């Protein structure tokens, strides 16, 4: 039987939020790409809450946009309510969140992808990875090997450094170089260079697709099963087909999988809800776009309200009385669930002292009556779900459109990946999104974008791009995944970022647009606009810091009118702006140079609320920013101290056993990463530094 064969530069498996960003990035960088999905209806689908952003997640979306990704643009097209969270706190934790029209979001993303050059969408289930082993044998009758055959071996010291043959490496063998040939002195037959290389994929139908790069973005579809009560459906989310073959291929190729789970609440008919008993939640009057390419006036639209209600003791009693029927507690669910997004039965059992929990009633779209019951995800049986939801104020007559359910799926440990999201032991194979043990659309999109960028750069023969923890939340996310053992679905939080005052959502473009332009995802016209914005911010901060004002009557009268302390000596305008009651706009009346600045082309072409906000933040938080910048300099020194790929940690004396095991398993790339591994102490790092110095 003849089967279809096609060749592309790159393949993406899965068209969720990770897959879409990966495929778009590669195609826009000129890489001929094909993306596979089990269903065209699953492209950028939102099987859980149809919203983008939120605490820390909004940071990720703005960073995706600053690098040239699509998620921010797509939510700006399709939001139905937008709100900046945490406004009462400092700018480091301000986070943008938008409720999306679920159907419109996937429709717009699919349309974008279908109209992108170098990108092919294909509905098919990928069943098999095609990997080629690079294993080579030698013995005393075969000691001459040409350089191109063993070019991956590190020959810096004319030795093949290694741990043992069990790890496909050779111990203590001399490597002699003569006439471009490598002669290995050895008495016994052995194996080296057992690294595999990706060649493509094969679909369930038998079609073969060849490529030099493959990115796995399988989401929650691998061996998925949806569960509520005693009902088990072997499907992906929303009843779509699960991917049932690829897990076996991964395991056969030496890539172990594990089981995670997540869940979603019921959807309830809007007509059966009594909103008069709930608190109405409005969007912001002044919209902040996710994408730096948009202005608020360009995307403004009438917003749809969300609603807030609460569970009560009756709700909790119903759950407790039926907890033995929950597959979460009966053992029917094997996968590990997310700590920071627990089911309602989890919350009731773990927080028994709480007499109520928030429940957010949120629309799934503009043209549907389905309402998402945020805060009440569950896997309880259908009859218990009805009793539970109807005990909530305003939901007494609720009619369920879709039952709540838990979903189990296969994923991998991201410890197998480099910071580029390429597998350490399979060249050309990348992984992104929930496949790596993370949760959330935004975390997936960020990983997909970086995997796509790095796969494209590798195919182009260019240096890959790795963001560190001081450059963005994306850097924190990926570093946590590939360095720290994640035993539950990973969720991004502002508290995970050490330098969050520098990594604000409002300055994502200032941090990352240069990188986006360098890799070819930010077009020249957008970059020119960005450069003008940055120049104006820098020039105004500098000017205000250097412009001095004295305590004359005009200044004192102004300060008195603002209930601000009078001056006793001359200060800069920046010093005045640092006062809580003053800002860039309010000091304009005493800024004698302001009129001249306003007349400049730089000001007229670039002034905006975003620019004014940046000027205020840069000045008001100057001391804190300088302190974190100093911390980053120390961090950079540790990150810059590279660890040789071929280091044998068994040779490092005085390392504790746990540290030696963790370092051997994870193989950190630098001292900074090594210091963040759980089980590696500061004392272990000191021992390692001494070893490297010697």
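Throughout, read-outs are computed from the coordinates displayed, never taken from laboratory work. Just so you know, these numbers come straight off a predicted model, no measurement behind them. Counting neighbours? That spans all protein chains shown, and the Cβs are built from the backbone with ideal geometry, glycine included.
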Cα-based equivalent ellipsoid, segment 385-454: semi-axes from gyration tensor eigenvalues, Å: 40, 12, 8
Between segment 406-423 and segment 454-477, the alpha-carbon center distance in angstrom: 17
Relative contact order for the chain, counting Cα pairs under 8 Å that sit 6 or more residues apart, in percent: 16
Where labels lie 7 Å past Cα in the beta-carbon direction, separation of residue 336 and residue 498 in nm: 2.4
Residue 563 paired with residue 353, simple spin-label distance in nm, labels 7 Å along Cα-to-beta-carbon: 3.8
Column: log10 I(q)/I(0), Debye, Cα scatterers of segment 13-79, q = 0.18 Å⁻¹: -0.73
With 5 Å bins from 0: P(r) over segment 307-362, alpha-carbon pairs, percent: 4, 18, 26, 24, 18, 9, 1
Convex hull volume per residue in cubic angstrom - Cα atoms of segment 214-260: 89
Radius of gyration and Dmax over the Cα atoms of segment 433-510, both given in Å: 12.9, 37
Segment 294-414: relative contact order as a whole-number percent, Cα under 8 Å and 6+ apart: 32
Per-q log10 I(q)/I(0), segment 471-552, q = 0.24 Å⁻¹ (Debye; single scatterer per alpha-carbon; no solvent): -1.13
Cα→Cβ-extended label distance, 7 Å offset, between residue 425 and residue 553, nm: 8.3
Mean ellipticity per residue at 222 nm, deg cm²/dmol - from DSSP H runs of n ≥ 4 across the chain, formula -39500 (n - 2.57): -10000 deg cm²/dmol
Computed log₁₀ I(q)/I(0) - Debye formula, equal Cα scatterers, no solvent, segment 396-532, q 0.13, 0.14, 0.17 Å⁻¹: -0.64, -0.72, -0.96
Rounded, prolate or oblate (a/c below 1.5 giving rounded, otherwise prolate when a/b exceeds b/c) for segment 261-357 by Cα gyration tensor: prolate
Segment 641-693: C-alpha gyration tensor shape, a/c 1.5 cut-off, then a/b vs b/c: rounded
Contour minus Cα-Cα distance for residue 369 and residue 269 (0.36 nm per residue): 35.4 nm
Inverse of mean 1/r across different Cα pairs in segment 326-480, Kirkwood, Å: 18.6
Length released on extending from residue 5 to residue 123, taking residue separation times 0.36 nm less the Cα-Cα span: 40.9 nm
Inter-centroid distance (Cα atoms) of segment 360-391 relative to segment 559-619, Å: 49
Label of the coordinate-derived value, volume of the Cα convex hull per residue in Å³, listed as (1) 431; (2) 173; (3) 208: (3)
When segment 524-624 is reduced to its Cα atoms, the Kirkwood hydrodynamic radius in Å: 14.3
Distance from segment 264-307 to segment 214-254 (C-alpha centre basis), Å: 32
